[in-house]
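Derivation of every value follows stated rules applied to the coordinates shown; laboratory data play no part. Everything quoted here is computed from the prediction, not taken from an experiment. Heads up, the Cβs are rebuilt from the backbone with ideal geometry, glycines too, and the neighbour counts pull from every protein chain shown.
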Amino acid sequence: MKLSGWGRYPQVECTLHHPRDAHALRDLVTQAGAEAPVIARGNGRAYGDAALAPTGTVSMCAMDQMIHFDAQTGVLQAQAGVLLADVISAFLPRGWFPMVTPGTRFVTLGGMAAADVHGKNHHIDGSFRSCVVWLDLMRPDGSTVRVTPDKTPDLFDRTLGGMGLTGVILQLCIRLTRVETGWIHQHTIDAPNLDAAMAAFEDNPDATYSVAWIDCLAKGAALGRSLVMLGEHATLAQLPANLRRRPLQLPPKPRKAIRMTFPMCALNRWSVKAFNALYYWKSRRKTNSFVDWESYFYPLDAVLGWNRIYGRKGFVQFQCVLPLDRSADGMRALLSEISAAGQGSFLAVLKRFGAQDSAFSFPTEGYTLALDFPATPACLALLTRLEPIVADHGGRFYLAKDAVLSAQRLRETDGRAKGFADTRLAQGEAGVFSSAQSARLKL
Ligand SMILES: Cc1cc2nc3c(=O)[nH]c(=O)nc-3n(C[C@H](O)[C@H](O)[C@H](O)COP(=O)(O)OP(=O)(O)OC[C@H]3O[C@@H](n4cnc5c(N)ncnc54)[C@H](O)[C@@H]3O)c2cc1C
């Protein structure tokens, strides 16, 4: 069947398996080989081809049991196919929230670990690996190893961020964080340009959450015009009286769903410009506000199937990180190229990462920019102009978002790629676990 990631680009003909338990999974792994490798798939929220293998895509969605929860410490043991959305539904009413969360809750725990996802609190709490106590990993020979940061540090380091290329994660033990309410106290800073946006991050290093929405069509003196949103989990005492009665429960919200694929012409520079202007003027009025967890962390989840607005050809994400000392120049160059091309994105996001040193995870100290573009020839051409800017500024790319990078560009921008690929060969992983992405990137 034809499968894709969240961007619906590329679409790849794949054999899809649905093992229900570790025995069935072992059969698939031990039968795989260099001619017919397999790759694990979670909920398909990586944008490109990371969770696609033509000869064997292994959906982990049936392995979705929560196994144990310690209500004193907030430590949860669960199978890899459990959705983050289900973790929140089960434990937020009891006062626990994920320590690290990406911008959608429709991801599996296995997918979060494999991409070593980051949230708006990376500068404080690091990436997903910070909350992983251990994980069980099926290796190329079908054996299962318990992987921990202390006892198997190398395998832990390569698996968190290893994009499923070291084995299949069966179950994990993760720490949740205590919260008193399901509300975030949000402070919005109106930054008229890129310098002001970066200054807002640097001036607020202690804010637990920080993220900037960038109007990437703004030009000239307004280049990088942003709204920087800082957030803290609200305590019970801080909540206004009307929210204090049921602090861990959200008022019911209507769900919207996009069921049809939009024609490509619906999305053009004018609709993007109008959206950006509206969003900017609407949001800048709310300087200090209480925002429910769903709207703060997962605004896109409010519209199910939003990936269809980009039309039949789908869309691509571009996410890079630039080292701190090159970020200002590099971001200015990237944004200038994007605004000049007029191919603005609805969802341009800037974040500040804290320090991280890891085998193959994406984050490193600096600024990360994420944008999406329809997969048109003009936008794909724009990406080929953005890539060298990232390379020239010492940056690298996020594989969970990538669909187009070349093996050469990856090697050029990420000095760890060759070592990661060599170790995979030496450990017998390369002959068993491979995705369309890892084949393209020669990992
Ligand atoms: C709207 C949106 C917002 C996002 N925001 C962020 C963000 O803020 N920060 C961020 O870091 N990411 C973000 N992402 C990306 C997303 O968090 C990651 O791509 C995540 O890996 C998706 O999880 P999944 O379960 O859908 O995995 P899939 O997309 O199915 O797979 C992703 C990778 O994980 C591997 N994998 C999945 N399950 C297993 C397993 N059990 N064992 C071994 N490997 C496995 C796959 O092989 C693949 O390489 C966002 C995605 C969307 C759609």
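Counting 0.36 nm for each residue step from ASP357 to LYS442 and taking away their Cα separation leaves a gain of 28.3 nm. Computed over the chain with a Gaussian network model linking Cα atoms closer than 10 Å, the most mobile of PRO240, PRO363, PRO93 is PRO240. In this rough spin-label picture, where each label sits 7 Å from Cα along the Cβ direction, the ALA62-GLU232 distance is 4.8 nm. With 0.36 nm allotted per residue and the present C-alpha distance subtracted, the LEU324-ALA34 stretch has 100.4 nm of extension available.
For the range 127-133, backbone phi angles converted through the Karplus equation (6.51, -1.76, 1.60; θ = phi - 60°) give residue-by-residue couplings of 8, 4, 4, 4, 9, 8, 7 Hz, Gly and Pro being listed as x.
Backbone amide hydrogens, once placed in the peptide plane, bring VAL316 within less than 5 Å of PHE373, ALA375, excluding anything fewer than 5 places away on its chain. In order along the range 430-443, the phi-based Karplus estimate (6.51 cos²θ - 1.76 cosθ + 1.60, θ = phi - 60°) of 3J(HN,Hα) comes to 4, x, 10, 10, 7, 10, 4, 5, 5, 5, 4, 8, 6, 9 Hz; Gly and Pro are listed as x.
The relative contact order of the range 66-178 comes to 33 percent, based on Cα pairs under 8 Å that sit 6 or more residues apart. Between the amide H of LEU304 and those of LYS256, ALA257, ILE258, distances stay under 5 Å, these residues lying 5 or more places away or on another chain, with hydrogens modeled in the peptide plane.
For ASP392 and THR73 in the same chain, what is the full-extension length gain: residue separation times 0.36 nm, less their Cα-Cα distance, in nm?
Numbers: separation 319, 0.36 × 319 = 114.84 nm, distance 4.52 nm.
Here the segment from ASP392 to THR73 would lengthen by 110.3 nm.
Which one, GLN171, GLN186, GLN427, has the greatest fluctuation when you compute a Gaussian network model over the chain with C-alpha springs under 10 angstrom? Per the Cα network of the chain with a 10 Å cutoff, GLN427 tops the list.
Could you tell me the center-to-center distance, by alpha carbons, between the range 1-55 and the range 402-443 in angstrom? What the calculation gives is 17 Å, centre to centre. When each of MET66, MET60 is scored by the number of other beta-carbon atoms lying within 10 Å, the sequence from fewest to most is MET66, MET60. Listing MET1, MET63, MET163 from fewest to most neighbouring C-beta atoms within 10 Å gives MET1, MET63, MET163.
Derived scalar couplings between HN and Hα for the range 57-63 equal 9, 10, 6, 9, 5, 7, 9 Hz in order, rounded to whole Hz, by the Karplus curve 6.51 cos²θ - 1.76 cosθ + 1.60 (θ = phi - 60°), x for Gly and Pro.
For the chain, the 222 nm mean residue ellipticity estimated from helices alone, with every DSSP H stretch of n ≥ 4 adding -39500 (n - 2.57) and the total spread over all residues, rounds to -8000 deg cm²/dmol.
By average Cβ neighbour count within 10 Å, what is the ranking of 41-53, 74-86, 289-301 from highest down?
The packing order, highest mean first, is 41-53, 74-86, 289-301.
Modelling each spin label as a point 7 Å along the Cα-to-Cβ direction, I'd like the ASN242/HIS18 distance in nm, to one decimal. Computed distance between label sites ASN242 and HIS18 equals 4.5 nm. Largest first, the extents of the alpha carbon coordinates of the chain on the three principal axes equal 58, 52, 44 Å. Take the Cβ atoms of THR384 and LYS219, set R0 to 22 Å, and the FRET efficiency comes out at 0.50. Counting only residues 5 or more places away or on other chains, whose amide H sits under 5 Å from the amide H of LEU176 once H atoms are built in the peptide plane? HN-HN under 5 Å from LEU176: VAL75, LEU76.
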